[in-house]
Amino acid sequence: MRAVFFDFGSITRGDMDCAMLERAISPWQYYHDSSEQEVLERILEAEVVVSNKVFISREAIAAAKHLKLICVAATGYNNIDLQAAAEYHIPVCNVRGYATPSVVQHVFMLMLNLARHFVDYQELVKRGGWQASRFFCPLDFGIQELSGKTLGVIGFGELGRAVSEVAKVFGMQVLIAEHKGKTARPGRTAFDDVMRQADFITLHCPYSQDTHHLISYREFELMKPSAYLINTARGKLVNEADLLHCLSTGRIAGAGIDVIQEEPPTKDNVILQQQPANLIVTPHIAWASRESRQRLLDQLADNISNFYQHKLFNQIADALNQ
């Protein structure tokens with residue numbers, strides 16, 4: 001096989017069109033998933049390998065005598081040993097911007113569900129609460145509008161910008177947070193001031209040592225008791241124990257999260273065990289519309305085609321600068 005996809009099951013359930021990939025290079029071997037040992041076996045004859053989350057180690061790269069290109073089927077690339085790839089002169093590329101519409105829509109789905117108590121009202125109907133009501137419109141749960149509220153955006157890359165534009169359509173005021181502890185640049189608001197002023201805070205920054213537990217008890221203490229936190233970025237940006245404490249004590253009004261610290265979660269994950277009523281959890285699906293996943297595959301194909309045609313592709317600079 002000239003090309004191998006190590007964890008195709010993370011991208012498709014049979015609903016993707018692989019025509020562009022097949023035109024870029026062939027033949028392909030698509031594996032549902034791959035263990036560490038299977039990666040070592042499956043990489044041996046490949047020219048091009050693709051991984052979404054499967055780790056590609058130094059040992060695997062060293063064993064791949066025909067390897068020419070490593071493709072990450074995601075934007076983050078911490079699952080690749082970049083130093084080994086650079087030493088063996090194997091370029092690494094990723095995909096970018098493919099999920100923006102999907103993530104933006106998911107962010108506002110979470111915000112609207114929290115503001116309008118959609119889940120609570122749906123459950124009320126299911127258990128007969130509407131039928132038992134004396135009035136045509138049960139008002140058991142408070143309903144808010146996004147219009148007039150303040151949205152704090154932490155992380156102002158493509159996703160943060162796109163969310164900000166949609167927020168304005170809803171009539172929200174947008175505050176763009178400066179990096180934590182830094183003096184605010186023109187057009188930005190100091191991080192702590194965003195935490196204090198925002199009615200909704202949405203996270204769109206990458207995970208790193210600097211952003212580990214970016215939102216912890218200190219930040220929750222700054223937030224309004226009526227404020228909501230939205231996290232569709234990375235689970236480790238938020239201290240989960242502090243989040244649960246602040247949700248259960250009413251320190252903040254609620255949260256909508258699409259990511260947690262360990263994925264997939266274990267059965268004893270504290271977030272999933274407790275799940276207070278003011279917390280909405282979705283299983284890392286913000287990015288995963290069918291259209292988004294198709295754009296991902298097509299961008300992978302473009303990367304591969306451009307590589308073989310000696311054109312620009314989404315090469316990861318870190319792999320070049322080790």
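The values are calculated or read from the model by the stated rules, or taken from the named source; none is laboratory data. Just so you know, these numbers come straight off a predicted model, no measurement behind them. Note that each Cβ is placed from the backbone with ideal geometry, even for glycine, and that neighbours are counted across all protein chains shown.
Considering 94, 78, the condition of being within 18 Å of residue 233 (Cβ to Cβ) and touching a Cys at 6+ places or on another chain (Cβ under 9 Å) is satisfied by 94 alone. Please determine whether any residue of region 96-106 is β-branched (Val, Ile, Thr), in contact (Cβ under 8 Å) with a residue 24 or more places away in the chain and over 30 Å from residue 280 (Cα atoms). Among the residues of region 96-106, not one is β-branched (Val, Ile, Thr), in contact (Cβ under 8 Å) with a residue 24 or more places away in the chain and over 30 Å from residue 280 (Cα atoms), which makes the answer no. Considering the conditions (1) surrounded by 15 or more Cβ atoms within 10 Å (Cβ to Cβ); (2) out of contact with any Leu (no Cβ under 9 Å at 6 or more places or on another chain); (3) among the aromatic types (Phe, Trp, Tyr), residue 170 is excluded by exactly one of them, (2). Scanning region 142-166 for residues that are under 14 Å from residue 254 (Cβ atoms) and either in a helix (DSSP H, G or I) or modelled with pLDDT under 95 (or both) returns a single hit, 142. All of 157, 181, 187, 235 fail the test of being without any contact (Cβ under 8 Å) to a residue 60 or more places away in the chain, over 18 Å from residue 147 (Cα atoms) and crowded, with 16+ Cβ neighbours inside 10 Å, apart from 235. Scanning region 274-288 for residues that are in a loop (DSSP other than H, G, I, E, B) and in contact with a Gly (Cβ under 9 Å, 6 or more places away or on another chain) turns up 276, 277, 278, 282, 284. The number of residues in region 9-43 being assigned to a loop (DSSP other than H, G, I, E, B) and either loosely packed, with under 14 Cβ neighbours inside 10 Å or of a type in the set (D, E, K, R) (or both) comes to 9.
Has region 149-166 got any residue that is closer than 30 Å to residue 48 by Cα, of a type in the set (Asp, Glu) and assigned by TED's automatic domain parsing to the domain that holds residue 70? No: region 149-166 contains no residue that is closer than 30 Å to residue 48 by Cα, of a type in the set (Asp, Glu) and assigned by TED's automatic domain parsing to the domain that holds residue 70. Taking the criterion of being closer than 16 Å to residue 299 by Cα and either surrounded by 14 or more Cβ atoms within 10 Å (Cβ to Cβ) or not assigned by TED's automatic domain parsing to the domain that holds residue 30 (or both), the residues of region 54-90 that qualify are 69, 70, 71, 72, 73, 74, 75, 77.
Yes/no matrix, rows are residues, columns are (1) buried (at least 19 other Cβ atoms within 10 Å of the Cβ); (2) within 23 Å of the chain's Cα centre (by Cα):
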position	(1), (2)
209	no, yes
222	no, no
249	no, no
256	yes, yes
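Pairs meeting the criteria (first residue in region 192-216 and over 23 Å from residue 106 (Cβ atoms) and touching a residue at least 40 places away in the same chain (Cβ under 8 Å), second residue of a type in the set (S, T, N, Q) and buried (at least 16 other Cβ atoms within 10 Å of the Cβ), beta carbons under 9 Å, at least 6 apart or on different chains) are 197/150; 197/189. Scanning region 206-248 for residues that are part of a loop (DSSP other than H, G, I, E, B), more than 20 Å from residue 265 (Cα to Cα) and in contact with a helix residue (DSSP H, G or I) (Cβ under 7 Å, 6 or more places away or on another chain) yields 211, 214, 216, 223. Does region 59-66 contain at least one residue that is farther than 14 Å from residue 95 by Cβ and basic (Lys, Arg)? Checking region 59-66: at least one residue is farther than 14 Å from residue 95 by Cβ and basic (Lys, Arg).
Tell me whether region 117-131 contains one or more residues that are surrounded by 15 or more Cβ atoms within 10 Å (Cβ to Cβ), at pLDDT 95 or above and in contact with a strand residue (DSSP E or B) (Cβ under 6 Å, 6 or more places away or on another chain). Scanning region 117-131 turns up no residue that is surrounded by 15 or more Cβ atoms within 10 Å (Cβ to Cβ), at pLDDT 95 or above and in contact with a strand residue (DSSP E or B) (Cβ under 6 Å, 6 or more places away or on another chain).
Applying the criterion of being of a type in the set (Gly, Ala, Ser) and at pLDDT below 95 to the residues of region 282-322, the residue that is surrounded by the fewest Cβ atoms within 10 Å (Cβ to Cβ) is 317.
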